[in-house]
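Q: Sharing a structure below in structure tokens format, with a few things to ask.
The values are calculated or read from the model by the stated rules, or taken from the named source; none is laboratory data. Just so it is clear, the structure is predicted and the values come from calculations on it, not from any experiment. When we count neighbours, we look across all protein chains shown, and the Cβ atoms used for this are built from the backbone with ideal geometry, even at glycine.
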Amino acid sequence: MTDLNYLLTKDPTRFDLAPGQPTMKAVVTTGNGGYDKLDYRDVPIPKIRPGEVLLKVLAAGVNNTEINTRLGWYSSSVTSGTDDFSESDNSDGISDGGWNEVTPFPFVQGTDCCGELVEIADDHSLLNIGDRVIVRACMRLNGFDSVENIWMASDFDGAFAQYVRVPASEVFPVNCDWSDVELATIPCAYGTAENMVHRANVSATDRVLVTGASGGVGSAVVQLCKRRGAHVTAVTSQAKVTQVKGLGADVVVTRDTDLLAELGESSVNVIIDNVAGDGFNHLPKLMARGGRYASSGAIAGPIVTLDMRDFYLKDLTLIGCTAWDEPVFPNLVSYIERGEIKPLVDQTFELKEIAKAQQEFMKKTHFGNFVLVPPQE
């Protein structure tokens with residue numbers, strides 16, 4: 001696998017316009033703060049280098065990560081949940097607020113990309129001009145033997161633009177009848193979900209508890225666990241119980257439920273939890289001996305209490321999941337092409353409406369993904 005360190009080298013003049021230079025529309029995130037930091041404007045079309053391809057962005061999904069990065073929530077100085085953290089908490093900026101500490105402002109966000117391949121720097125037997133592809137947003141910096149990783153749209157320019165350049169190794173053609181908008185819901189949420197399901201080694205013999213089951217990642221986890229044959233108990237809000245049941249969950253409980261009283265001690269052997277916060281404290285007691293807990297997020301708050309006796313006396317395994325393992329993205333493409341998972345689209349917006357889309361996203365009343373569509377000129 002190609003060393004991807006070069007992607008982190010930022011040219012501070014790359015958004016400057018020269019006379020006669022080909023341009024595109026993009027949303028440039030200029031710093032930590034509010035929606036005023038989302039600058040929709042003309043920038044140069046990226047020039048690709050050896051080993052890269054240029055994609056025309058057909059659709060780009062909206063995720064928590066873009067909002068959290070803009071606000072600086074990933075900083076170790078932040079202890080609140082994502083719903084309680086706002087631009088007013090970060091008026092001066094947070095230097096370590098990105099996924100890999102320093103956020104490379106100004107840059108183009110957009111983690112989810114469905115695109116059309118329009119330029120290839122080198123001969124590549126697996127890719128052709130005109131291919132419709134999705135991008136593996138989590139890139140293993142030094143190959144899959146190392147968990148060092150970088151993310152498109154957190155560490156270098158992403159898909160909130162008409163064009164994006166990416167390493168050829170990170171684009172995957174998909175042959176299916178899904179729309180561009182539907183494919184744009186897959187990379188971040190489903191990649192994150194499949195990575196947790198894969199690392200927790202979920203199988204048909206498992207009883208799995210999924211918290212935050214109506215969110216982008218949680219709803220993907222429900223589907224991905226069910227396709228493996230597991231028994232799934234999903235936790236969601238009262239308003240979304242019916243929709244989560246429609247994903248195939250065997251049992252759906254509301255998030256105000258006393259899970260220990262409802263389900264019983266040692267009742268599940270896998271927990272996939274991106275909520276954390278105060279609700280984490282009782283989760284180890286729900287786990288059977290030898291149980292596995294996987295997480296890639298903490299939307300209710302990153303600081304939790306763990307009774308170490310539950311951890312070691314029950315031989316539990318806690319699995320942190322950020323770097324995607326090698327099978328994850330090829331697995332997702334195969335699931336799509338075989339019709340084993342389905343996309344969840346709530347609303348689409350024009351790229352220039354990004355602030356409106358993120359404002360609607362933060363209301364948390366939607367079920368499914370929001371997707372931005374750039375001008376298709």
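Q: Could you please let me know if Val304 is β-branched (Val, Ile, Thr), closer than 23 Å to Thr236 by Cβ and either in a helix (DSSP H, G or I) or touching a residue at least 60 places away in the same chain (Cβ under 8 Å) (or both)?
A: On the way: β-branched (Val, Ile, Thr): yes; closer than 23 Å to Thr236 by Cβ: yes; either in a helix (DSSP H, G or I) or touching a residue at least 60 places away in the same chain (Cβ under 8 Å) (or both): no.
For Val304, the condition - β-branched (Val, Ile, Thr), closer than 23 Å to Thr236 by Cβ and either in a helix (DSSP H, G or I) or touching a residue at least 60 places away in the same chain (Cβ under 8 Å) (or both) - is not met.
Q: Then there's this: Asp39 - would you say it is of a type outside the set (Ser, Thr, Tyr) and either within 27 Å of Asp180 (Cα to Cα) or modelled with pLDDT under 90 (or both)?
A: Yes, satisfied.
Q: Considering only residues that are under 22 Å from the mean Cα position of the chain (by Cα) and either buried (at least 19 other Cβ atoms within 10 Å of the Cβ) or at pLDDT 95 or above (or both), which ones fall in the stretch 8-29?
A: Once the filter is applied, which keeps residues that are under 22 Å from the mean Cα position of the chain (by Cα) and either buried (at least 19 other Cβ atoms within 10 Å of the Cβ) or at pLDDT 95 or above (or both), the stretch 8-29 yields Ala26, Val27, Val28, Thr29.
Q: Within the stretch 76-93, take every residue that is over 17 Å from the mean Cα position of the chain (by Cα) and buried (at least 19 other Cβ atoms within 10 Å of the Cβ) and give me the one that is modelled with the highest pLDDT.
A: Val78
Q: Considering each residue of the stretch 94-113, count those that are at pLDDT 95 or above, touching a helix residue (DSSP H, G or I) at 6+ places or on another chain (Cβ under 9 Å) and in a strand (DSSP E or B), and give that number.
A: 0
Q: Also, quick follow-up: Looking only at strands (runs of 3 or more DSSP E) that fall completely inside the stretch 201-262, which ones have 3 or more residues that are not hydrophobic (A, V, I, L, M, F, W, C)?
A: Values: elements: 207-210, 231-236, 251-254.
Once the strands (runs of 3 or more DSSP E) in the stretch 201-262 are filtered for at least 3 residues that are not hydrophobic (A, V, I, L, M, F, W, C), what remains is 231-236.
Q: Taking the stated definitions as given, is Glu182 outside the structural domain of Ala230 (by TED's automatic domain parsing), under 16 Å from the mean Cα position of the chain (by Cα), surrounded by 19 or more Cβ atoms within 10 Å (Cβ to Cβ) and without any contact (Cβ under 8 Å) to a residue 40 or more places away in the chain?
A: Working: outside the structural domain of Ala230 (by TED's automatic domain parsing): yes; under 16 Å from the mean Cα position of the chain (by Cα): yes; surrounded by 19 or more Cβ atoms within 10 Å (Cβ to Cβ): yes; without any contact (Cβ under 8 Å) to a residue 40 or more places away in the chain: no.
So Glu182 fails the test.
Q: Is at least one residue of the stretch 311-332 closer than 30 Å to Trp178 by Cα and among the charged types (D, E, K, R)? Quick ask: steps written out before the conclusion?
A: First, pick out the residues of the stretch 311-332 that are closer than 30 Å to Trp178 by Cα: 321-332.
Remaining after also requiring among the charged types (D, E, K, R): 325-326.
Among the residues of the stretch 311-332, at least one is closer than 30 Å to Trp178 by Cα and among the charged types (D, E, K, R), which makes the answer yes.
Q: Examine the stretch 114-124 for a residue that is modelled with pLDDT under 80, surrounded by fewer than 21 Cβ atoms within 10 Å (Cβ to Cβ) and part of a loop (DSSP other than H, G, I, E, B), and state whether such a residue exists.
A: Yes; the residues of the stretch 114-124 include at least one that is modelled with pLDDT under 80, surrounded by fewer than 21 Cβ atoms within 10 Å (Cβ to Cβ) and part of a loop (DSSP other than H, G, I, E, B).
Q: Could you count how many residues in the stretch 320-342 are buried (at least 18 other Cβ atoms within 10 Å of the Cβ) and either of a type in the set (Val, Ile, Thr) or modelled with pLDDT under 95 (or both)?
A: Matching residues across the stretch 320-342 total 4.
Q: Could you say whether any residue in the stretch 271-291 is closer than 18 Å to Arg207 by Cα, out of contact with any Ser or Thr (no Cβ under 9 Å at 6 or more places or on another chain) and outside any helix (DSSP H, G or I)?
A: There is no residue in the stretch 271-291 that is closer than 18 Å to Arg207 by Cα, out of contact with any Ser or Thr (no Cβ under 9 Å at 6 or more places or on another chain) and outside any helix (DSSP H, G or I).
Q: Is there any pair linking a residue in the stretch 341-366 that is assigned by TED's automatic domain parsing to the domain that holds Asn64 and free of Cβ contacts under 8 Å to residues at least 24 places away in the same chain to one that is aromatic (Phe, Trp, Tyr) and in a strand (DSSP E or B), with Cβ under 8 Å and at least six apart or on different chains, and which?
A: Lys356/Phe349; Glu360/Phe370
Q: A follow-up question, please. Can you tell me how many residues within the stretch 196-222 are surrounded by 24 or more Cβ atoms within 10 Å (Cβ to Cβ) and among the polar types (S, T, N, Q)?
A: Of the residues in that region, 3 qualify.
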